[in-house]
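Remarks on the structure that follows.
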Amino acid sequence: MIIDVIPHFFLLFLIFLRCTGMCLTAPILGSKAVPVIVRIVVSALIAMAIYIGLGAGTKEIPSQMSVLVGMAVSETAIGAIAGLTARLTLDMAMTAGQVAGFPMGLGFSQAADPFNGVPSTALGRLFTIAALGYAVQLGLHREAAVWLFKSNLNWPPGSDFNFAAALPDFLKMVADSIAMGIRLSFPVLAAVTFGHITLGIVGKSAPQLNLSSLGFSIAILCGGAALFMSVNPAAEYAANLAVNTLTQ
């Protein structure tokens with residue numbers, strides 16, 4: 001009786017590992033603000049739902065330990081890579097805030113971010129929180145659960161997955177995310193540059209005004225105006241791309 005149940009539990013365990021990999025790296029659930037026990041419980045519930053949705057099948061346990069370890073690592077890596085892809089795409093909003101903060105004079109007040117483990121500026125956190133808000137509104141957490149179910153249909157648990165073929169696409173997405181983060185900060189960079197150029201022209205035309213002391217104020221005013229108009233579109237765009245990575 002117990003021997004007959006073991007293949008069912010083994011299949012459920014493989015699905016659980018894939019869900020755990022997703023919950024470790026995906027946005028929202030992968031945040032350090034979410035306790036580990038919550039991630040484990042959510043992973044178990046999603047795995048159980050997927051297992052039942054797939055028809056409560058079975059998977060024979062391999063006789064060799066190396067094959068068993070390879071299956072476990074592969075399943076965890078599949079979920080982790082998918083979650084990390086969405087996270088990197090969403091983190092382009094933080095990159096945009098970090099890049100935009102330096103010309104405004106706000107990039108020097110960096111503080112340790114306890115959630116991401118890297119130094120972060122006020123604008124970086126602002127863009128990140130806005131992007132996370134849009135991601136929740138667009139249902140990123142629901143799309144992650146749907147992706148897990150579809151992935152178990154397309155790549156059954158324990159089957160071979162060609163990581164070498166997926167590596168170039170992953171690296172390209174990382175490079176595109178970094179480049180897009182810089183592009184999203186361009187409105188602020190352009191506004192601050194325009195303000196400094198205008199201040200320089202006025203200072204050259206009327207040297208007696210001594211406008212050099214207004215440089216920081218001009219950067220704040222011009223950058224703040226551009227930031228007011230661009231932070232919501234930039235955050236929404238980053239959230240949309242993160243959702244699209246799980247729906248493609």
Being buried (at least 20 other Cβ atoms within 10 Å of the Cβ) and outside any helix (DSSP H, G or I) is the filter here, so list the residues in segment 52-94 that pass it.
-> 59, 91
Could you run through segment 161-182 and say how many residues are touching a helix residue (DSSP H, G or I) at 6+ places or on another chain (Cβ under 8 Å) and either more than 25 Å from residue 235 (Cβ to Cβ) or open to solvent by 80 Å² or more (accessible area, probe 1.4 Å) (or both)?
-> 5
Cβ-Cβ below 9 Å, separation at least six or inter-chain, first residue in segment 136-152 and open to solvent by 40 Å² or more (accessible area, probe 1.4 Å), second small (Gly, Ala, Ser) and not in a helix (DSSP H, G or I): which pairs?
-> 141/26
Filter segment 226-240 for residues that are open to solvent by 50 Å² or more (accessible area, probe 1.4 Å) and either within 25 Å of residue 171 (Cβ to Cβ) or in contact with a Gly (Cβ under 9 Å, 6 or more places away or on another chain) (or both) and give the result.
-> 237, 240
Taking segment 22-43 and keeping only residues that are of a type in the set (D, E, K, R) and exposed (fewer than 12 other Cβ atoms within 10 Å of the Cβ), one is left with 32
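The values are calculated or read from the model by the stated rules, or taken from the named source; none is laboratory data. Because the structure is a prediction, the values reported are computed rather than measured. Here the Cβ is made from the backbone with ideal geometry for all residues, glycine too, and neighbour counts use every protein chain on show. For the accessible areas, the whole protein counts, side chains as well, though only heavy atoms, and no ligand, DNA or RNA atoms are used. Shrake-Rupley method; radii C 1.70, N 1.55, O 1.52, S 1.80 Å.
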